[in-house]
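**Q** My questions will all concern the structure given below.
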Amino acid sequence: MVFIARTKSPEEWKAIASAISTLVDEATFEATAEGISFRGMDPSHIALIDIQWPNFAFERYECDTVVKFGVRIDEFSKLIKRADKKDALEITLGEDQRTLHIRISNGYKREYKMLLIESSASSTPLPKLSFNSKIVLTPGAFDKVLSDVQVVSEYISIDAKSSRVEFSGRGDSGDASIALESGSEGLEELAVQEESKATYSLDYLSKITKAISTAGGSVAVEFSSKMPLRLEFRIANVNRIHFYLAPRVQD
Amino acid sequence: MSSTQSVNDIKRQLEAEWIRFLGINSAKLHSTSLEGSSPPSVFVGRYGYPKVKVGPLLPPVHGDTSVFDKPEMWLGKGLEEILRYRLALVRGTITMKVDEKSRQLESLQDMTMSTRPAEGQAIFEKSPAAEIQALRKAELDSEVTPFGLSAPLKSFTFNTLAASDRRIENAYYDTDLTAAKAMVALYQQGVEVSRISKLLSIGMLGIKKDRKIVPTRWSISATDSTISAWLVREINNNQSIDSFEVSQFSHLGNYYSLVLIPDDIWSFEMLEIWIDKNGRTAIASEYEGPEGLNHPPSIAGAYFAARLAVVEHLVSRGRKASVLVIREIRPEYALPVGVWQIREGAREALRRQKRLFEDLGNALSFACLNMSVSKAEIISKIKAFSVKAKQAKITDFVNYSAD
């Protein structure tokens, strides 16, 4: 059994760990010859994260079988966070497959051995969806929209029309509404096949966005009326971080 | 005790009982020294925290007094009997800082570790005073079981030659084990919850430097909460139950209806209906989804006590469910006896024959049948239904096809 995953920087791992930590305490990664993946839902089954991290995105990647490794995500994060931006990070499994070895090096070499937890056997199927509207934003712009609505509401309604998208929320203290039009700062793309309107929990959206926004890149928001939403975080070197969120049934 | 008695009758009766006890034992109690057998039991007050009153509970009785402080043995007993045990316990107090390390604390810990009641002697600063006023004013649903006399201690000695409980010794001497892990380990080895909370209270559990004295009231909720939270994780991969199940039990003026709902996702809700002596009702509730509760429950320790009973039942069956506990508190519950009666009441309900239903509507109708408020009113207060009705699940869309 060979498993080595080396990256030039810990930033991708930090973003991934912090994204996963918004949903679960324990995570089981799967490594194959193609790369590393993770898929999991929060305990209420309202949100799902699907991560694909292909072998070519690593500085060095070797895996000659299917390896599953389970970690307590807060413990894993704590170790990863010891690495600075420019430190290379190498992850391997111990001989007995009961420990994860994390080597951090940039002149100064460190090695952590972390006890793995029993990985969960259950597999999570992806929802089958087609999306009628797509909004691409900078993570900063999206985070700002969410925060602006969150001061009055726990939910956000997204109303996408061909040249304009409106985000709104309503709470005991009042209403909030934010309109973005093609050309608005931070709005990179707006593509609407069919006008769409749906409402989602802000708690989930703002946690995941805050967790990943520091990694930069952009975020694509895709949805259809009264259907789940999908966030696609495009960060350098990770081919896919998808976050699915089921809609609120009523406002 | 018949429910036709008025609350005042019940209270008068309990008070008469109490005065009779004081009369019989007056010679023993009006002295500055007392000999007896501690169940074993300690009590830690919460006033003045972090300087609190700590001390042993000692009755003017020798021999096997275990029943005086073991709620696991009280099911089926009436209010008078339970209060008779409790009021017989004289509380000696020493003021300690919660992080105190002293010989006195160690000897209280030694006594708590004993498997059998500990014969002992207490010398008081002054003879114990009755807290009759406190009994009269006792508020409903205090978390703590009441007790009788109390006096500041000058000194005490216990014969703790009785064997210590090996399981408890192991937890006590493991100074690298967190209090939470120790509580769970003791529970898994079959140590009673009431015992575990006492160990926590007298500062015997946890990582060495973090060990602290914990007021009895807080230690009880901390124990129920910690153990049940751990059990909730245990049921995570279990299969759902198949039918809607209703279990019921009543004691001490408390009526319990537990509704277990087939669900792949655990949730827990407890509804409390209070009926005062004028027949007025008030309803309070608390709800948690599978992520647990992130604030203190509005209905306090009752919530965790019921959650423990429910989740240990599901663990023992290897099943999962979402659960609604309805508790009605009638005026006959004239005096609070402590949160144990919720834990033991719910456990007993779940031990009894349950009624099975094919749908939620019929299960709820049955569960609400003996309650003083209507099913419609109860349903209107249940948060779980509105939480679930308003939020779709991602798994609802797995087999969804756009055309």
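The values are calculated or read from the model by the stated rules, or taken from the named source; none is laboratory data. Model, not experiment: these values are computed from the prediction. All Cβ positions, glycine included, derive from the backbone under ideal geometry; neighbour counts span all protein chains shown. These accessible areas exclude ligands, DNA and RNA; they are computed on the full protein's heavy atoms, side chains included. Shrake-Rupley method; radii C 1.70, N 1.55, O 1.52, S 1.80 Å.
**Q** Filter segment B:253-285 down to the residues that are surrounded by fewer than 21 Cβ atoms within 10 Å (Cβ to Cβ) and either more than 21 Å from B:Phe366 (Cβ to Cβ) or within 14 Å of another protein chain (Cβ to nearest Cβ) (or both) and list them by number.
**A** Matches in segment B:253-285: B:Asp263, B:Asp264, B:Ile265, B:Trp274, B:Asp276, B:Lys277, B:Asn278, B:Gly279, B:Arg280, B:Ala282, B:Ala284.
**Q** Then there is this: Restricting to segment B:312-330, count the residues that are within 20 Å of the chain's Cα centre (by Cα) and outside any helix (DSSP H, G or I).
**A** Adding up the residues that qualify gives 8.
**Q** For A:Pro127, only one of the following conditions fails: (1) surrounded by 18 or more Cβ atoms within 10 Å (Cβ to Cβ); (2) assigned by TED's automatic domain parsing to the domain that holds A:Glu11. What is its number?
**A** (2)
**Q** Applying the selection to segment B:286-322, what residues are of a type in the set (A, V, I, L, M, F, W, C), out of contact with any Lys or Arg (no Cβ under 7 Å at 6 or more places or on another chain) and surrounded by fewer than 23 Cβ atoms within 10 Å (Cβ to Cβ)?
**A** Matches in segment B:286-322: B:Leu293, B:Ile299, B:Ala300, B:Val315.
**Q** Name the residues in segment A:222-251 that are among the basic types (Lys, Arg), within 13 Å of chain B (Cβ to nearest Cβ) and in a strand (DSSP E or B), would you?
**A** The answer is A:Arg230, A:Arg248.
**Q** Out of segment B:90-115, which residues are under 23 Å from the mean Cα position of the chain (by Cα) and either among the aromatic types (Phe, Trp, Tyr) or open to solvent by less than 60 Å² (accessible area, probe 1.4 Å) (or both)?
**A** Across segment B:90-115, the qualifying residues are B:Val90, B:Arg91, B:Gly92, B:Thr93, B:Val98, B:Leu108, B:Gln109, B:Met111, B:Thr112, B:Met113, B:Ser114.
**Q** Could you identify the single residue in A:Ser173, A:Ser213, A:Ser224 that is small (Gly, Ala, Ser), surrounded by fewer than 18 Cβ atoms within 10 Å (Cβ to Cβ) and assigned by TED's automatic domain parsing to the domain that holds A:Ser153?
**A** Numbers: A:Ser213 fails: surrounded by fewer than 18 Cβ atoms within 10 Å (Cβ to Cβ); A:Ser224 fails: surrounded by fewer than 18 Cβ atoms within 10 Å (Cβ to Cβ).
Checking each option against the conditions leaves just A:Ser173.
**Q** Just checking, how many residues over segment B:1-16 are more than 10 Å from B:Glu80 (Cα to Cα), touching a Pro at 6+ places or on another chain (Cβ under 9 Å) and either of a type in the set (Ser, Thr, Tyr) or modelled with pLDDT of 75 or more (or both)?
**A** Qualifying residue count, segment B:1-16: 2.
**Q** Still on this model: Go over the candidates A:Val145, A:Val149, A:Val136 one by one and state the one that is open to solvent by less than 40 Å² (accessible area, probe 1.4 Å), more than 14 Å from chain B (Cβ to nearest Cβ) and touching an Asp or Glu at 6+ places or on another chain (Cβ under 7 Å).
**A** A:Val136
**Q** What residue, among those in segment B:354-387 that are without any contact (Cβ under 8 Å) to a residue 40 or more places away in the chain and not hydrophobic (A, V, I, L, M, F, W, C), is nearest to B:Glu332 (Cα to Cα)? Steps first, please.
**A** Going residue by residue through segment B:354-387, those that are without any contact (Cβ under 8 Å) to a residue 40 or more places away in the chain are B:361, B:365, B:369, B:374-376, B:379-380, B:385-386.
Filter once more, keeping what is not hydrophobic (A, V, I, L, M, F, W, C): B:361, B:365, B:374-375, B:380, B:386.
Numbers: B:Gly361: 30, B:Ser365: 25, B:Ser374: 21, B:Lys375: 22, B:Ser380: 26, B:Ser386: 33 Å.
The extreme case among them is B:Ser374.
**Q** Starting from segment A:117-129, take each residue that is at positive phi and more than 7 Å from chain B (Cβ to nearest Cβ) and list its partners that are in a loop (DSSP other than H, G, I, E, B) and among the hydrophobic types (A, V, I, L, M, F, W, C), counting only C-beta distances under 6 angstrom and pairs at least six apart or across chains.
**A** none
**Q** Within segment A:28-44, track down each residue that is aliphatic (A, V, I, L, M) and within 14 Å of chain B (Cβ to nearest Cβ).
**A** If the condition is that a residue be aliphatic (A, V, I, L, M) and within 14 Å of chain B (Cβ to nearest Cβ), then A:Met41 is the only one that fits.
**Q** So in segment B:164-190, with the set limited to residues that are outside any helix (DSSP H, G or I) and touching a helix residue (DSSP H, G or I) at 6+ places or on another chain (Cβ under 6 Å), which one is most open to solvent (accessible area, probe 1.4 Å)?
**A** Ranking the candidates gives B:Gln189 first.
**Q** Out of the strands (runs of 3 or more DSSP E) lying entirely within segment A:1-96, which hold 3 or more residues that are farther than 30 Å from A:Tyr200 by Cβ? Spell out how you get there, then give the answer.
**A** Working: elements: A:3-7, A:26-32, A:35-41, A:47-54, A:60-63, A:67-72, A:88-93.
Result: A:3-7, A:60-63, A:67-72, A:88-93.
Condition check ((1) away from every other protein chain (no Cβ under 14 Å); (2) at pLDDT below 95; (3) closer than 22 Å to B:Asp264 by Cβ) across all residues:
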| position | (1), (2), (3) |
| --- | --- |
| B:Phe357 | yes, no, yes |
| B:Leu364 | yes, no, yes |
| B:Lys381 | yes, yes, no |
| B:Ala384 | no, yes, yes |
| B:Gln391 | no, yes, yes |
| B:Phe397 | no, yes, yes |
| B:Asp403 | no, yes, no |
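**Q** Can I ask one more? Does A:Gly107 qualify as being among the small types (Gly, Ala, Ser), away from every other protein chain (no Cβ under 14 Å), farther than 22 Å from A:Gly35 by Cα and surrounded by fewer than 17 Cβ atoms within 10 Å (Cβ to Cβ)?
**A** Judged against the criteria, A:Gly107 is a match.
**Q** Consider only pairs whose beta carbons are under 6 Å apart and that are at least six residues apart or on different chains; among these, list those whose first residue lies in segment B:102-130 and is more than 23 Å from B:Ile19 (Cα to Cα) and assigned by TED's automatic domain parsing to the domain that holds B:Leu34 and whose second residue is assigned to a helix (DSSP H, G or I) and of a type in the set (A, V, I, L, M, F, W, C).
**A** Note: pairs meeting the criteria are B:Met113/B:Ile168; B:Ala118/B:Met111.
Residue-wise test of (1) open to solvent by less than 40 Å² (accessible area, probe 1.4 Å); (2) not aliphatic (A, V, I, L, M).
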position	(1), (2)
A:Thr7	yes, yes
A:Asp25	no, yes
A:Ile51	yes, no
A:Glu90	yes, yes
A:Ile102	yes, no
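**Q** Would you check if there is a residue in segment B:339-353 being over 21 Å from B:Tyr187 (Cβ atoms) and outside the structural domain of B:Asn8 (by TED's automatic domain parsing)?
**A** Looking for residues that are over 21 Å from B:Tyr187 (Cβ atoms) and outside the structural domain of B:Asn8 (by TED's automatic domain parsing), one finds at least one in segment B:339-353, hence yes.
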